[in-house]
Amino acid sequence: MAVFTEVGFDEADALVQRLGLGPLASLRGIEGGIENTNYFASTASGEFVLTLFERLGAEQLPYYLCLMKHLAARGIPVPEPVADPAVAPPDGHALSIPANAPCEFLHKVAGKPAALVQRLQGKSELAPTAAHCAELGRLLARMHFAGRDFPRMQPNLRGLTWWNDTEPVVLPYLDAPQAALLQSELAYQNHVAQSSAYAALPRGPVHADLFRDNAMFDTESETPRLTGVFDFYFAGTDSWLFDLAVCLNDWAIDLQSGRHDAAHADALLAAYGSVRPLTGAERALLPAMLRAAALRFWISRLWDFHLPREASMLKAHDPTHFERVLRERVRAPAALFSSFEGTRPTAEPLAA
């Protein structure tokens, strides 16, 4: 979303013309974000988002692009990637071909792997109500169900292995209390990951980054109506509970203090559970996964903040926000269960 790579108008026009969408009417860089270069592209055929991938390689990208296509085909409102008609998959269906085969949704712009996806209608709601959270909860559960038969596999690249690898890189930038928190929480999450309860968690493709600014709502509707979710470029195969925890740690958190918002959490969990009720293992491990989700974004924001890349329009996120969220999740693990009936675990399965 920051602009790391400048794209010329003529080069973008050449892409949309090749894809049968041209001519290009306008091209505008998108401010915000820290991973990829993004532009709004207006063409004779509609509105699109052009993404140039700055860190991800061509071997990883087909998973994300084919997942978006898979979900869109099943009625989930996500940005549908545009295929290159000149790159036809061997069996006519890119979703099920080997990961190393050419991907019809993957292009090249300014020497970088790129994708062009349909632009969603609506606007992000950065101050959601409980009704917005309920909309998000229902869609998240539907999305998990819709991904069950997605044939490709790719681990969550920002999962536990990455946390372990990145911890020594960011540790020198922390003071003593921060370092102690990071090291103790990472040890706890490694312990959780080895448990039988964790192994029992239902899994499948997850978004893994579904924050408030990655969802769109109808601006004309009197009541909240979710029109789509986007930015799947942290997706992977992981536990659905982790995906739910990522959402709870953004949609159901007070942004100033990092504290749990019970009304928002209850609405999100009840709506999710109305589509896909949580299993016993999920109910037991929800507090641990909330801590895991907070740790994941604290580590990544520390990395982005202290080891930034040069880019036009780059705005790094403040890492201290998720430090506060993590401290709150460790301090008050029972807060989530204050009023959501049927979710409280009978006992804490793993010692902190």
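The values are calculated or read from the model by the stated rules, or taken from the named source; none is laboratory data. Note that the structure is predicted; figures quoted are calculated from it, not measured. Virtual Cβ from ideal backbone geometry, glycine too; neighbours counted across all protein chains shown. Ligands, DNA and RNA are stripped out before the accessible areas are found, and what is left, the full protein with its side chains, is counted by its heavy atoms. Shrake-Rupley method; radii C 1.70, N 1.55, O 1.52, S 1.80 Å.
Which shape class applies to segment 185-311: rounded if a/c is under 1.5, otherwise prolate when a/b exceeds b/c and oblate if not, where a ≥ b ≥ c are the square roots of the Cα gyration tensor eigenvalues? Before the final figure, lay out the partial values.
On the way: a/c = 1.62, a/b = 1.10, b/c = 1.47.
Verdict is oblate for segment 185-311.
Counting pairs of alpha carbon atoms under 8 Å apart in space and at least six apart in sequence, what relative contact order in percent does the chain give? Can you show the working numbers first?
Numbers: 626 pairs, mean separation 64.0, N = 352.
With pairs under 8 Å counted, the relative contact order is 18 percent.
Mind checking the per residue accessible area of the chain for me, 1.4 Å probe, whole number of Å²? Could the numbers behind the result be given before it?
Details: 14660 Å² over 352 residues.
Here the residues of the chain average 42 Å² of exposed surface.
For R148 and A262, compute 0.36 nm times the residue count separating them, minus their Cα-Cα distance, and round to one decimal in nm.
Values: separation 114, 0.36 × 114 = 41.04 nm, distance 2.98 nm.
Additional length available on full extension: 38.1 nm.
Quick one: go through segment 275-309 and flag any residue whose amide nitrogen is under 16 Å from the point 7 Å out along the Cα-to-Cβ line of N164.
296
Under a no-solvent Debye model with one identical scatterer per Cα of the chain, what's log10 I(q)/I(0) at q = 0.10, 0.11, 0.12, 0.15 Å⁻¹?
The Debye formula, applied to the Cα set alone, gives -0.62, -0.75, -0.90, -1.38.
May I ask you to rank I30, I253 by accessible area, largest first, using a 1.4 Å probe over the protein chains only? It would help to have the intermediate numbers written out before the result.
Details: I30 30, I253 5 Å².
Highest to lowest solvent-accessible surface, that is I30, I253.
In whole Å, largest first, what are the principal axis extents of the Cα atoms in segment 120-275?
Extents along the principal axes, in whole Å: 49, 40, 26.
What do you get for Rg/Rh over segment 207-271 if you use C-alpha atoms and the Kirkwood form of Rh?
On the way: Rg = 12.7 Å, Rh = 12.9 Å.
Rg/Rh for segment 207-271 comes to 0.98.
Could you tell me which of C66, S184, T219 has its Cα farthest along the dipole of the chain towards the positive end, charges placed at Cβ (Lys, Arg +1; Asp, Glu -1), taken about the Cα centre?
Of C66, S184, T219, it is S184.
Quantify, in whole percent, the carbon and sulfur part of the accessible surface of the chain (1.4 Å probe; protein heavy atoms only).
Numbers: 7880 of 14660 Å².
That share works out to 54 percent.
About the Cα centre of the chain, how large is the charge dipole given +1 on each Lys and Arg Cβ and -1 on each Asp and Glu Cβ? Please answer in debye to the nearest 20. Mind dumping the intermediate values first?
Working: 30 positive and 40 negative charges, 141 e Å.
Magnitude of the dipole: close to 680 debye.
Quick check on packing: order 259-265, 237-243 by the mean number of other C-beta atoms within 10 Å, highest mean leading.
Numbers: 259-265: 19.7, 237-243: 23.4.
Going by the mean number of other Cβ atoms within 10 Å, highest first, we get 237-243, 259-265.
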